[in-house]
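The values are calculated or read from the model by the stated rules, or taken from the named source; none is laboratory data. Just so we're clear, the structure is a prediction, and the values are computed from it rather than from any experiment. Every residue, glycine among them, receives a Cβ derived from its backbone with ideal geometry; neighbour counts consider all protein chains shown.
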Amino acid sequence: MFAAILFDLDGTLADTAPDLGEAANALLREAGLSEKPLAELRPHTSNGARGLLYATFGMTPESTGYAQRVQGFLDHYAARLCVDSRLFPGIPELLDEIEARRLPWGVVTNKYRRFTDPLAIQLGLSPRTPCIVSGDTTAAAKPSPLPLLHACEILGCDPRQTLYIGDDRRDIIAGKAAGCATIAAAWGYLGSGGPISEWGADWIIDQPDDLLTFLPTRLIRK
């Protein structure tokens, strides 16, 4: 049984692929190129601009004009941050139950704070939790353990009694490095880190309410 839960954001708590994918397709339209179907872009969205620029233009950080493309992507994304993004089915009910059991929870994402904070408000995650840690909150982003350790400090919880759940291999790497137990979310985007069974997660779950198996039962209010 665990005393606190930390979640990745994109692909774990929320399906943000529609808005991220539209930002990538806006760049393609500007370049006079055909759009990519969302189903093709979805697996790359956990890697943000880097993943989507590779999926759309075959660009890497070493490519000529990469920085300009990144800025264009971020500008388009900022313009439609939460148009079609939604919490995954079952997540609202899961968070209700976590809070009913009086368990602290938070969010640890690699998304920049200027996007995370307004998105968390629009999705109803903030101010519901005091713990929203972004990719630029600490000196290094995941797979570094620093964001997770910072989140544990905010919640006042021991990493060894904390669960971290994410849909990308780097989430599992970061969680283990921080000393947390880890769960891979099989409903997420899953990235390009190879088969989910090879990530080294402590557990793999198929749907959000499977998480309740690992949590203390509901406390009786006095």
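Within the span defined as the stretch 180-188, every residue fails to be farther than 17 Å from Lys111 by Cβ, hydroxyl-bearing (Ser, Thr, Tyr) and out of contact with any strand residue (DSSP E or B) (no Cβ under 6 Å at 6 or more places or on another chain).
Among Phe115, Phe2, which is the only one that is closer than 30 Å to Glu153 by Cα and modelled with pLDDT under 95?
Working: Phe115 fails: modelled with pLDDT under 95.
Testing whether each residue is closer than 30 Å to Glu153 by Cα and modelled with pLDDT under 95 leaves just Phe2.
Might you let me know whether the stretch 65-72 holds any residue that is touching a residue at least 24 places away in the same chain (Cβ under 8 Å), under 19 Å from the mean Cα position of the chain (by Cα) and closer than 15 Å to Asp19 by Cα?
Filtering the stretch 65-72 down to residues touching a residue at least 24 places away in the same chain (Cβ under 8 Å) leaves 69, 72.
This time we only want the ones that are under 19 Å from the mean Cα position of the chain (by Cα), so: none.
Looking through the stretch 65-72, none of the residues is touching a residue at least 24 places away in the same chain (Cβ under 8 Å), under 19 Å from the mean Cα position of the chain (by Cα) and closer than 15 Å to Asp19 by Cα.
Of the strands (runs of 3 or more DSSP E) that lie entirely inside the stretch 124-222, those containing 1 or more residues that are under 14 Å from the mean Cα position of the chain (by Cα) span 162-166, 181-185. Taking the criterion of being small (Gly, Ala, Ser) and in contact with a Ser or Thr (Cβ under 6 Å, 6 or more places away or on another chain), the residues of the stretch 178-214 that qualify are Ala185, Gly188, Gly191, Ala201.
Sort out which residues of the stretch 94-111 are buried (at least 18 other Cβ atoms within 10 Å of the Cβ) and assigned to a loop (DSSP other than H, G, I, E, B), and write them in order of number. Once the filter is applied, which keeps residues that are buried (at least 18 other Cβ atoms within 10 Å of the Cβ) and assigned to a loop (DSSP other than H, G, I, E, B), the stretch 94-111 yields Leu103, Pro104, Thr109, Asn110, Lys111. Residues in the stretch 112-123 that are closer than 27 Å to Arg169 by Cβ and in a helix (DSSP H, G or I): Arg113, Arg114, Phe115, Thr116, Asp117, Leu119, Ala120. Would you point out the residue of the stretch 34-48, among those that are of a type in the set (Gly, Ala, Ser) and buried (at least 21 other Cβ atoms within 10 Å of the Cβ), that is nearest to Ala184 (Cα to Cα)? Filtering first and then ranking leaves Ser46. Pairs are defined by a Cβ separation below 6 Å, a sequence spacing of at least 6 or placement on different chains, a first member in the stretch 156-184 that is closer than 22 Å to Asn47 by Cα, and a second member that is part of a helix (DSSP H, G or I) and modelled with pLDDT under 95; the pairs so defined are Asp168/Ser46. Quick check on the stretch 130-162: of everything there that is among the hydroxyl-bearing types (Ser, Thr, Tyr) and surrounded by fewer than 21 Cβ atoms within 10 Å (Cβ to Cβ), which residue is nearest to Leu215 (Cα to Cα)? Among those that are among the hydroxyl-bearing types (Ser, Thr, Tyr) and surrounded by fewer than 21 Cβ atoms within 10 Å (Cβ to Cβ), it is Ser144. In the stretch 1-33, of all residues being within 14 Å of the chain's Cα centre (by Cα) and closer than 14 Å to Thr182 by Cα, the one that is surrounded by the fewest Cβ atoms within 10 Å (Cβ to Cβ) corresponds to Ile5.
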